[in-house]
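In what follows, a single structure is set out as structure tokens and then discussed.
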Ligand code: FE
Ligand code: MN
């Protein structure tokens with residue numbers, strides 16, 4: 001079907017058929033190479049919808065007051081050594097982890113996918129990792145923690161080093177020209193998306209999220225807790241971005257979904273869970289008020305099983321109950337959005353008007 005536009009001496013013919021061919025060639029991988037970044041018509045509606053949700057959730061660390069946190073950090077009475085250690089481990093671990101996620105998106109996933117709307121949402125995802133990394137810098141400078149401590153935590157705390165190595169190795173394997181028509185390479189990319197979305201952001205972030213929100217619930221570190229709540233809301237969208245990307249990649253490349261590959265992914269999650277449990281032992285070597293390492297173990301099992309089932313894989317254990325019902329309210333993806341809705345709308349309004357929202361101070 002052709003349409004001709006005549007303007008004075010010139011006529012322009014637009015051929016819908018050719019445009020439809022270009023649309024039909026949109027794919028997660030090995031699709032039409034385009035530098036024109038044409039989003040329309042959208043083939044992956046979910047990607048654009050999530051982009052819109054993510055955009056509405058925008059936040060900046062400096063909008064969150066740190067005064068109470070600083071008072072508590074300086075006071076010799078309010079906090080136990082265990083509580084201070086959780087904050088150090090939280091800031092230390094996430095300082096590296098957020099950057100690793102963003103770097104993998106930019107150098108691997110966004111590079112290899114071909115549909116522009118997928119690149120769009122991945123660009124936003126990477127930017128949110130910058131915001132998260134920046135929020136940790138803000139927490140560190142507000143509390144007056146020695147900035148060398150982060151590097152020391154990545155390198156010298158073995159359980160952190162191993163968690164980081166678990167994700168960086170699958171990222172490095174894909175940083176070369178790879179032929180994505182080969183099944184093994186498609187599986188490597190699918191595994192990368194699974195590891196980052198479901199194992200790391202989906203499971204290995206949740207031990208510390210739980211600990212920091214437990215402190216927040218006891219009115220400890222209200223500023224840090226607030227920033228982690230915003231981060232957690234972002235992470236739930238990131239898990240969805242990577243879950244949808246994974247599902248569509250498998251759908252379009254069914255030959256990768258072999259029983260062996262499915263088992264490999266489950267084993268990878270098993271490894272992720274063990275690394276997280278070892279890490280939790282280091283975060284909570286002594287029990288703290290309302291927090292003990294042993295209570296966190298079934299929580300990680302529960303989260304990991306949900307992530308596996310979310311991408312159509314069998315759970316590792318099955319039937320695990322959530323040991324932290326209060327955390328479910330914060331962490332359930334559907335409920336969580338409602339939970340944050342009121343507050344975030346207020347935040348958006350107040351920041352748009354340049355006013356200060358008391359709730360955030
Ligand atoms: Fe993040
Ligand atoms: Mn993330």
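Here, each number is a calculation from the coordinates, and none is a lab measurement. Note that the structure is a prediction, hence the values are computed from the model and not measured. Glycine also receives a Cβ, built like all others from the backbone with ideal geometry; neighbour counts cover every protein chain displayed.
Annotations
- On inspection, residue 193 passes the criterion of being surrounded by 22 or more Cβ atoms within 10 Å (Cβ to Cβ) and within 16 Å of ligand 2 (Cβ to nearest atom).
- The lone exception for residue 160 - which of (1) over 19 Å from the mean Cα position of the chain (by Cα); (2) more than 15 Å from ligand 1 (Cβ to nearest atom); (3) touching a residue at least 24 places away in the same chain (Cβ under 8 Å); (4) under 23 Å from residue 224 (Cα atoms) it fails: (1)
- Taking the conditions (1) within 27 Å of residue 226 (Cα to Cα); (2) away from ligand 2 (no atom under 12 Å from the Cβ); (3) free of Cβ contacts under 8 Å to residues at least 40 places away in the same chain; (4) surrounded by 15 or more Cβ atoms within 10 Å (Cβ to Cβ) in turn, residue 126 satisfies each one other than (2).
- Those residues of the range 212-223 which are within 18 Å of the chain's Cα centre (by Cα) and away from ligand 2 (no atom under 16 Å from the Cβ), in sequence order: 213
- Filter result for residue 2 (surrounded by 11 or more Cβ atoms within 10 Å (Cβ to Cβ) and without any contact (Cβ under 8 Å) to a residue 60 or more places away in the chain): no
- Positions within the range 179-199 being part of a helix (DSSP H, G or I) and either within 13 Å of the chain's Cα centre (by Cα) or farther than 13 Å from residue 256 by Cβ (or both), in sequence order: 193, 194, 195, 196, 197, 198, 199
- Elements of type helices (runs of 4 or more DSSP H) in the range 18-118, at least 3 residues being within 16 Å of ligand 2 (Cβ to nearest atom) and touching a residue at least 40 places away in the same chain (Cβ under 8 Å): 45-56, 81-104
- In this structure, residue 152 does not qualify as within 13 Å of ligand 2 (Cβ to nearest atom), surrounded by fewer than 20 Cβ atoms within 10 Å (Cβ to Cβ) and part of a helix (DSSP H, G or I).
- Matching option when the condition is farther than 21 Å from residue 327 by Cα and either part of a loop (DSSP other than H, G, I, E, B) or over 19 Å from the mean Cα position of the chain (by Cα) (or both), among 267, 295, 281: 267
- Residue within the range 240-248 that is more than 16 Å from ligand 2 (Cβ to nearest atom) and under 30 Å from residue 60 (Cα atoms) present: no
- Close pairs (6 angstrom Cβ cut-off, 6 or more residues apart or separate chains): farther than 19 Å from residue 121 by Cβ in the range 227-240, more than 10 Å from ligand 1 (Cβ to nearest atom) and not in a helix (DSSP H, G or I) anywhere: 227/64
- Test result for residue 135, within 16 Å of ligand 1 (Cβ to nearest atom) and under 30 Å from residue 31 (Cα atoms): no
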